[in-house]
Amino acid sequence: MSFELNGRDYTAAGDYLLPNIAYCDDTLHFGRYSRLRQKFLKENHGGVYSEMLLGGSLWKHLAEIEASCQARLERIVSTLAESDGVTE
């Protein structure tokens, strides 16, 4: 039996209500920076981490962090290569 409470779906298991948590999409890429962000949130902002995990927005957030960091890293490397005269 499913319930909705505070904008979240729960499933009844005996006397307990367990949140329906969906795992991330397989197309999302999690690399170094997304793992670092996840560790940071878990260790320093446990409430935010739990809220994002239960709300289903954590995986999308981590994928956005990874993409943003990779794009920034590419810009930094290309700028450094250009300033040092590297052509490869």
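What's the local net charge at residue 40, with K and R +1, D and E -1, over the other residues with C-beta under 14 Å away? Taking every Cβ under 14 Å from that of residue 40, the sum is +3. In a fully extended conformation the segment linking residue 4 and residue 71 would gain 20.2 nm over its present Cα-Cα distance, using 0.36 nm per residue.
Note on the chain: Cα-Cα pairs beyond 18 Å make up 60% of the total pair count. Taking amide H as placed 1.01 Å from N in the peptide plane, residue 8 has no amide H partner under 5 Å among residues 5 or more places away or on another chain.
Every number here is computed from the coordinates shown, using simple stated rules; none is lab data. Predicted model only: the values in this text are computed from it and were never measured. Note: ideal-geometry Cβ built from the backbone for every residue, glycine included; neighbour counts use all protein chains shown.
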